[in-house]
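Engineer: One structure follows; several queries about it will come next.
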Amino acid sequence: MVNRAANNQVRGISRESRTRETVFLALLGTFAIVLHTVEAAIPSPLPWIKIGLANVITLVTIPLFGGGAALAVTIVRVVVGSMITGTFLGPSFIISLFAGIAATLAMIVTFRYFSRKLSLVGVSVIGAYIHSFVQVAVVYLLLIRHKEIFYILPFFLSLSLLMGLATGLAAILLEKKLADVVQVHASLGVRGR
Amino acid sequence: MKPMDLFRLTTWGDRLLVVILAVITLAAFPLVGAGTRQSDIVIIEVDGKPVKKVSLKNDGQFTIHGVIGDAVFEVKEGKVHAESAPCSNKVCIHQGWTNMPWKLLVCIPNKVVVRPVDAGGANGVDAVTW
């Protein structure tokens, strides 16, 4: 915390801005939980196939508030969201948690090193791929010990590409709107063009 | 907002990444079939109706009375193929050997289909979700 405070001093972010940031993060977390819950109600041919609406929030959090905040939003979203849908600590919760954390880490790294070349669409697609892959890997490790389940990956990944594109575009549009409101983008690096 | 406006939001890096991933993903699709479980039973259908069930565990030949004539199939080392067919184009013979549920031997003029079924049963359940 001391480091963080010092860091904020360097960045010229006042106590007021810190409060702003906290409030905005809480709001983003809430939006993510709502999207997570709404999405659980959307019918799907297979339980693993989802649009990944809640990931839009994680995506905009990365450029606006940084990787740590995005990770926090994801974890809060999966934990609280699964409590609402009644899957907390169940297999789908564990799958969501691992896949969500892995995808968020991948998106943070992608954003940090490739944000000059890639917009949030590219970041989103990378996240979607990692999410699908880790989902199947966790299912393999915890539930179904048959190598055959990996053969479903090409099918899942092609869906990931479409869903990643859609959520990435949504994230760019949302981020454009939010950046003006949040006004903490100073020193936070390049955003998606 | 028009689709073109959405396209303009993306960078060249995005487009390149999407194309590369799409190519890799599509290229991986043929692997899907290669990995499915082998079957050890084939069901033979004539004119849409199952007429015979043959185990692939025992080598041998069997004859099927199709709509236009008799077709001979051979089972060897857990796989089946069409040895002779009464039709003119012999597509089923050229299809070669199979023991995969996704690869059927089909003779359209004779209305004969050889369908390998999944070892766990055609409608076996692999997993249940919560």
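Engineer: Within the stretch A:135-150, can one find any residue that is more than 24 Å from A:Phe24 (Cα to Cα), modelled with pLDDT under 95 and within 16 Å of the chain's Cα centre (by Cα)?
Structural biologist: Taking every residue of the stretch A:135-150 in turn, at least one turns out to be more than 24 Å from A:Phe24 (Cα to Cα), modelled with pLDDT under 95 and within 16 Å of the chain's Cα centre (by Cα).
Engineer: Right, something else. Would you say B:Val18 is more than 13 Å from chain A (Cβ to nearest Cβ) and surrounded by 13 or more Cβ atoms within 10 Å (Cβ to Cβ)?
Structural biologist: no
Engineer: Moving on to the next point. What pairs can you find where one residue is in the stretch A:140-151 and surrounded by fewer than 15 Cβ atoms within 10 Å (Cβ to Cβ), the other is basic (Lys, Arg), and their Cβ atoms are less than 7 Å apart, with a gap of 6+ or different chains?
Structural biologist: Every condition considered, the pairs that remain are A:Glu148/B:Arg37.
Engineer: If you don't mind, another one. For the stretch A:72-79, does any single residue satisfy the condition of being modelled with pLDDT of 95 or more, surrounded by fewer than 21 Cβ atoms within 10 Å (Cβ to Cβ) and not β-branched (Val, Ile, Thr)?
Structural biologist: yes
Engineer: Related question: Across the stretch B:49-67, which residue is nearest to B:His94 (Cα to Cα) among those that are exposed (fewer than 15 other Cβ atoms within 10 Å of the Cβ) and β-branched (Val, Ile, Thr)?
Structural biologist: The extreme case among them is B:Thr63.
Engineer: Further question on the same structure: Within the stretch B:25-41, can one find any residue that is outside any loop (DSSP other than H, G, I, E, B), in contact with a strand residue (DSSP E or B) (Cβ under 7 Å, 6 or more places away or on another chain) and more than 30 Å from A:Met163 (Cα to Cα)?
Structural biologist: Yes, the conditions are met somewhere in the stretch B:25-41.
Engineer: Restricting attention to the stretch B:114-130, and to residues there that are β-branched (Val, Ile, Thr) and in contact with a helix residue (DSSP H, G or I) (Cβ under 9 Å, 6 or more places away or on another chain), which single residue is modelled with the lowest pLDDT?
Structural biologist: B:Thr129
Engineer: So in the stretch B:1-15, with the set limited to residues that are within 8 Å of chain A (Cβ to nearest Cβ) and not acidic (Asp, Glu), which one is surrounded by the fewest Cβ atoms within 10 Å (Cβ to Cβ)?
Structural biologist: Looking at the filtered set, the residue picked out is B:Trp12.
Engineer: So B:Asn99 fits all but one of (1) at pLDDT below 85; (2) within 14 Å of chain A (Cβ to nearest Cβ); (3) in contact with a Pro (Cβ under 6 Å, 6 or more places away or on another chain); what number is the exception?
Structural biologist: All conditions pass for B:Asn99, except number (2).
Engineer: Another question about this same structure. What number of residues within the stretch A:133-155 are in a helix (DSSP H, G or I) and more than 9 Å from every other protein chain (Cβ to nearest Cβ)?
Structural biologist: The number of residues fulfilling the criteria is 9.
Engineer: Looking at A:Thr87, is it polar (S, T, N, Q), over 22 Å from A:Lys177 (Cα atoms) and either modelled with pLDDT of 95 or more or in a loop (DSSP other than H, G, I, E, B) (or both)?
Structural biologist: Yes, satisfied.
Engineer: Which of (1) more than 8 Å from chain B (Cβ to nearest Cβ); (2) farther than 24 Å from A:Thr37 by Cα; (3) hydrophobic (A, V, I, L, M, F, W, C) does A:Phe114 not meet, given it meets every other one?
Structural biologist: Unmet for A:Phe114, out of (1) more than 8 Å from chain B (Cβ to nearest Cβ); (2) farther than 24 Å from A:Thr37 by Cα; (3) hydrophobic (A, V, I, L, M, F, W, C): (1).
The values are calculated or read from the model by the stated rules, or taken from the named source; none is laboratory data. Computed from a prediction, not measured in an experiment: that's the story for all the values here. Every residue, glycine as well, gets a Cβ built from its backbone with ideal geometry; the counts of neighbours run over all protein chains shown.
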